[in-house]
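The values are calculated or read from the model by the stated rules, or taken from the named source; none is laboratory data. Quick caveat: nothing in here was measured; it's all calculated off a predicted structure. Here the Cβ is made from the backbone with ideal geometry for all residues, glycine too, and neighbour counts use every protein chain on show. The area values use the complete protein model at the heavy-atom level, side chains included, leaving out ligands, DNA and RNA. Shrake-Rupley method; radii C 1.70, N 1.55, O 1.52, S 1.80 Å.
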Amino acid sequence: MNIVIIGAGISGLLSALELAEQGCQVNIYNQTYAGQASWAGGGILSPMYPWRYPRAVNHLAQHGKALYQTWNEKLQPVTGIDFQIHETGMLILDEADFEVGLNYKAQFQEPMQHCEYLQREQLELINPHLSEQFQHAIYFPEIANVRNPRLLQSLRYYLEQHPKVQFFDQTPIHKFQIQQDKIQCVETETGQKVYADQFVLTTGAWSGLWSEQLGLELPVRPVQGQMALIKAPAHWLPTMCMNRVMYLIPRMDGHIVCGSSMQECGFNAETSDQIQQNILTAAYEMVPELAQFPVVQQWAGLRPSSPEGIPYIGQLPHLHNVWVNLGHFRNGLCMGPASAQLLRQLMLKQPTYVNAATYSPEQLLKPEIMTS
């Protein structure tokens, strides 16, 4: 099977990996905006406050850590890149979420969401840098983070040497040629026609721009998130911390990712002084000693927002050879491995490990198409 994947962020690369490892010929067309969410995110391998998300999100996210561990073991000997699955655990400091978090653990018994209620004496043993204003927290020892830039570098390197994969970096797809309920070919910006058996859209926040050509509404839009990076000594901050949707994510070398904001401002990926100050204020509130370390980088990314944050994974019902894996909103990295696995299972007519109907694009059809 010859497959064209349009988009080379985390969803595109993991989809390509799943399909190529099954013997499919995969051509990846790297749109100019690739990685605006994948490279920019924090890499927490769990939804933030999972009880605030639909079960459909958590069903995919709960597989993220184990699947990344498997892929890292396979890819690292080839790429020489360890994408650093960092077993830090997470402290959630929001008192209003303690009871619901503990109830969630008891109800669903998901290993990644096991948590414990800790008081100040226990907190100081786990994270001695935490501000004294936090006298208790709930602690999730199983939640890890992945260093997402290294993850994408590893995936890219591995796929570049894969005999079943080819990248096209300077040829973004511009147009679909649709006849007889299928894409006959796609065209690049220079008019080059590209043919394949199947086409996969993994175009993130930009996916809604295909709606008119595809004849259905893809309700995916960009939501900006800003981040800051502080450099502390290696292994200085022992755990991730979360308070009022703001987080600290320590990397193994001492870098600490601080984030993040949420703002609807179209495709604007510029940082704002005020938002950056808000992020740093929240970081210093959780861990005051961070103020002594330098801020080494600030950036913004664009999340692919969708209704309720549930991704669309599967075949478009009115086009026989078009598939999508998009709309992951804030959880593209933790849902990414399971989403790509589900797409592969559907495309190759293999048994699926989750209820695929939950993520089906069937719901996207316009009424006039459904009745025609």
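Some notes on this structure:
- Checking ILE279, ILE256 one by one, the residue that is in a strand (DSSP E or B) and either of a type in the set (Ser, Thr, Tyr) or over 28 Å from ALA340 (Cβ atoms) (or both) is ILE256 and no other.
- Test: GLU132 is over 22 Å from TRP39 (Cβ atoms), open to solvent by 30 Å² or more (accessible area, probe 1.4 Å) and assigned to a helix (DSSP H, G or I): no
- Contact map, segment 130-142: first residue within 11 Å of LEU118 (Cβ to Cβ), second residue open to solvent by 40 Å² or more (accessible area, probe 1.4 Å) and polar (S, T, N, Q), Cβ cut-off under 7 Å, separation 6 or more or different chains; pairs are GLN135/GLN119; HIS136/GLN119.
- Selection from segment 171-187 of residues that are in contact with a His (Cβ under 6 Å, 6 or more places away or on another chain) and closer than 12 Å to LEU214 by Cα: ASP181, LYS182
- Selection within segment 203-229: residues that are more than 18 Å from the chain's Cα centre (by Cα) and of a type in the set (S, T, N, Q). The member of this set that is farthest from PRO50 (Cα to Cα) is GLN213.
- Tally, over segment 75-89, of residues that are in a helix (DSSP H, G or I) and either open to solvent by less than 20 Å² (accessible area, probe 1.4 Å) or in contact (Cβ under 8 Å) with a residue 60 or more places away in the chain (or both): 4
- Residues satisfying the stated conditions in segment 176-193, i.e. open to solvent by less than 90 Å² (accessible area, probe 1.4 Å) and either assigned to a strand (DSSP E or B) or of a type in the set (S, T, N, Q) (or both): PHE176, GLN177, ILE178, LYS182, ILE183, GLN184, CYS185, VAL186, GLU187, THR188, GLN192
- Scan of segment 33-74 for residues that are among the aliphatic types (A, V, I, L, M), open to solvent by less than 40 Å² (accessible area, probe 1.4 Å) and at pLDDT 95 or above, ordered by number: ILE44, LEU45, ALA56, VAL57, LEU60, ALA61, LEU67
- Residues in segment 91-113 that are open to solvent by less than 90 Å² (accessible area, probe 1.4 Å), part of a helix (DSSP H, G or I) and hydrophobic (A, V, I, L, M, F, W, C): PHE98, VAL100, LEU102, ALA106, PHE108, MET112.
- Residue in segment 9-21 that is closer than 25 Å to GLN224 by Cα, in contact (Cβ under 8 Å) with a residue 12 or more places away in the chain, open to solvent by 50 Å² or more (accessible area, probe 1.4 Å) and within 20 Å of the chain's Cα centre (by Cα) present: no
- Members of segment 134-174 found to be closer than 14 Å to ILE10 by Cβ and out of contact with any Ser or Thr (no Cβ under 7 Å at 6 or more places or on another chain), listed by number: VAL146, ARG147, PRO149, ARG150, LEU151, GLN153, LEU155, ARG156, LEU159
- Pair list, Cβ under 8 Å, 6 or more apart: segment 100-127 residue in contact (Cβ under 8 Å) with a residue 60 or more places away in the chain and closer than 19 Å to PRO250 by Cβ, other residue open to solvent by 70 Å² or more (accessible area, probe 1.4 Å) and not in a helix (DSSP H, G or I): MET112/GLU142
- Condition met for CYS241 (surrounded by 23 or more Cβ atoms within 10 Å (Cβ to Cβ), modelled with pLDDT of 95 or more and over 18 Å from the mean Cα position of the chain (by Cα)): yes
- Test for TRP206: is it surrounded by 17 or more Cβ atoms within 10 Å (Cβ to Cβ) and free of Cβ contacts under 8 Å to residues at least 40 places away in the same chain: no
- The condition (being at pLDDT 95 or above, over 22 Å from the mean Cα position of the chain (by Cα) and buried (at least 20 other Cβ atoms within 10 Å of the Cβ)) is satisfied by just one residue among ALA196, ALA232: ALA232.
- Check on LEU155, of a type in the set (A, V, I, L, M), in a helix (DSSP H, G or I) and open to solvent by 50 Å² or more (accessible area, probe 1.4 Å): no
- Of the strands (runs of 3 or more DSSP E) lying entirely inside segment 286-361, those carrying at least 2 residues that are open to solvent by 50 Å² or more (accessible area, probe 1.4 Å) are 295-305.
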